[in-house]
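The values are calculated or read from the model by the stated rules, or taken from the named source; none is laboratory data. Treat the numbers as computed from the prediction; the structure is a model and nothing was measured. Note that we place each Cβ from the backbone using ideal geometry, even for glycine, and neighbour counts take in every protein chain shown. Each accessible area value is taken on the protein alone, full model and side chains, heavy atoms only, with ligands, DNA and RNA left out. Shrake-Rupley method; radii C 1.70, N 1.55, O 1.52, S 1.80 Å.
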Amino acid sequence: MIVSASVRKKGKLRLVLTVLGILLAVPMIGAGILFATFDADAWRTDIAQLLSDKLGRKLTLNGPMRLGMEGGGLALEINDATLANPEWASRPEMAKIGKLALAVKLIPLLHKQLDVAQIIIEDADIQLESQGRHKNWEFAVLRPHTARRAAPMQPQGEITPAAAPESAPIALNIKEFKLKNVRLAMHDDTNGKAQEVKINKLSLDAAGKTALQAEGEFAQQAFTVTLDGAPWQELMTGRNWPFTIAAGFGGNDFAGQGTAGAMATQVDFTEFTLKSAAGSTIDGKVRIALLGRPRINGNIHIDKMQPPAGDQAQAVPSAASGNTSRQESGQNFIFNDQKIDMSELSAADANLHIVIDSITAGDLKLDNLQTDLRLSGGRLELRPFAVNVAGSPVNGRMMLDARPEPAQLEVTLTGQQMDLNPLLQSLGALGVTLGKSDFALDVNSTGGSARNFASNLNGTVKFELASGVLPLALLKLVANDGLQAFLPGVDKIDDLRLSCGSVRFTAQNGVLSSKGILFESNLATIAGAGTVDLRQETINLKFKPQPKDASLGQLTPSLRLAGALTKPSVRLDVAGAAVDIAGSFLGAPIPLGGDNLQVPVVNAGAAGNACTDALDHPVYAATAAPPNSAAGKAAEKGRAFVQDKTKGLVEKLDKALGGENSPLKGLLGQ
């Protein structure tokens, strides 16, 4: 009896379990049959309308649509879909997708896990845009609700029950992700251009460890990417995610390793190497923070930099070849009016220590460039800045601030005992050689184009030369037939040898003015003064020689370099020389042309640069007399006499310099 009762109980239990199994299986089988037989395509228009209402944007489903059960999950396929843009965007569609396939496991959803077995996107064109605070990837269904219901009043003394803990977020796990023939673009409303990347194919396998392979095109250059990393879930949970990466783009090859953290919003490259198409190798260690405005910190080392041969030819504009930036009224100009796009300076912040071993541009070589680059909110600083030019150090700082309108530029550079001959050779200086030189540049400007910066230049420029050689062929090319008159005795030498030189300019609103130009040579001491107008791009400099032969001091005309910067002319100032001759005839020296340009005496025994010393402590062989003195009155009579008899004096000067054989023939009308 006891056994029989036990058997009966077990039989009833099996029956109950069987019934429960049938009850559970029936809806599951029914759901499977439903999904297997459900014609999603028949509901395509209604589904598109429902999604449009939720997104606040029109969604059009033009192609066939399929929904079914596959591999223990739900599979969805959509073909030929279009998502509209908001009215302010640059084009009607935000996205056009040829095919979207999605497979999601159902059972993991019970454990708050979104297990995506597969995502496939093919033949898609997606363009992200922003305008002010508007972004086309923000949808109505995703916007946070700002209005909150007020909390109910609690009676005094009543304890408010503790709020229920928030539920844990759904964990995302993607097993496979594939793209084929996809265009992704970010449209910039500031310049109307779109930065785009075309992905020919991309494959992400994240079932275990992460493996990604991609190839496509960016900026009309092909690229490839291979990445291997830890399991995808570790990255999504915020843990440090070790990885290695290799990429190629436009002939450049990159390899690096490091860790990603904070859900890939921060990337640390513990080491990286970039071999550029130009032959340079760049390596270093950087940290990149991607949350908000990107920030880059670290150290970068470059072994060498050398611009392509084609770029070197373009480095210096040539008036002869017409390689200038603009042309107005038949004049070629150097500086361009085109607005400089400085928006990239606001795209990211940076704090980098940069070392470049060598820079070569033609015959010009720079070594051991070191600087700290700081970029913050559109303000770029290179401070300190140091580089060796032919073994001589140049130090300074540079700043470009694109935040104000117009942008601000500051440059301070100093160099001592520099060898500038490689630079002269690269510019084709026809055998000119210079001794060790010092220079100091301290300028600032504002603007939005090269012409603006040139036109608003302020500051000082100083240059000192210890020695130099100017070949006679170059002097003849510059001064033509007037060279003998400007430098008597030049026909008896092969080169003009300089024992010192000093040049000073003060810039104010784009006009560089100088009253301090002085060179000492084997034939004469040459003083100069005048202006270089960067606004109009013209030059007007006057040079007066004081020959070593004192008897010729008042017979030598000055030389004027004037005209457009791209094509200046050189001519003798014969009328000015006539004024000087008149002064000597009347017993009182008259400063050249009335512009007070006098030639100081250079003391070869002075400490430091003798020409600079002569400019700082000028002593003149002959000094103009005070206006009220007898000599001054004689000088005034001489000026009046010259104005009335200039032509006769010029003829006398011409005769004194050789008559029919005078080098001034053809210049009498100037």
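The table that follows gives values for the structure above.
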| item | result |
| --- | --- |
| Charged-residue dipole, Cβ positions (Lys, Arg, Asp, Glu), region 501-563 about Cα centre, Debye nearest 20 | 100 |
| Solvent-accessible surface (1.4 angstrom probe) belonging to Asp613, in square angstrom, nearest 10 | 50 |
| Leading residue at positive end of dipole, region 201-253 (Cβ point charges), from Ser203, Phe218, Trp241 | Trp241 |
| Rounded percent of accessible protein surface that carbon and sulfur make up, region 440-480, 1.4 Å probe | 60 |
| Net +/- balance of residues flanking Arg57 in space, Cβ distance below 11 Å, scoring K and R +1, D and E -1 | -2 |
| Solvent-accessible area per residue, Å², over region 246-296 with all protein chains present [probe radius 1.4 Å] | 53 |
| Solvent-accessible area, 1.4 Å probe, carbon plus sulfur percent, for region 193-295 | 55 |
| Heavy atoms of Lys178 accessible to a 1.4 Å probe, total area in Å² rounded to 10 | 80 |
| Additional length obtainable on full extension of the chain from Gln425 to Ala278, 0.36 nm per residue less Cα span | 50.6 nm |
| Over 29 Å between alpha carbons, listed pairs Lys515/Lys567; Lys180/Lys304; Lys275/Lys436 | Lys180/Lys304; Lys275/Lys436 |
| Spacing of the two label points (7 Å from each Cα toward its C-beta) at Ser392 and Thr226, in nm | 5.0 |
| Nearest-0.05 FRET efficiency for Thr45 and Val104, computed from C-beta distance (R0 30 Å) | 0.80 |
| Accessible area of region 423-477 divided out per residue, in Å², using a probe of 1.4 angstrom | 47 |
| Paramagnetic reach from Val355 in region 364-393 [backbone N under 13 Å; point 7 Å along Cα→Cβ] | 368-372 |
| Rounded FRET efficiency, nearest 0.05, which uses the C-beta distance separating Thr506 from Ala607 and R0 of 30 Å | 0.75 |
| Exposure of Trp88 as accessible area (Å², to 10), given a probe of 1.4 Å and all protein chains | 70 |
| Full-stretch length increase - Ser513, Asp367 - with 0.36 nm per residue and alpha-carbon distance subtracted | 49.3 nm |
| Residues Lys112 and Thr60, FRET efficiency given R0 of 51 Å [Cβ-Cβ distance, rounded to 0.05] | 0.95 |
| Rounded to whole Hz, the Karplus (6.51, -1.76, 1.60) HN-Hα couplings of region 201-214, x for glycine and proline | 7, 9, 9, 10, 10, 10, 5, x, 6, 7, 9, 10, 9, 8 |
| Accessible area in the full protein assembly, largest first, 1.4 Å probe, for Val469, Val601 | Val601, Val469 |
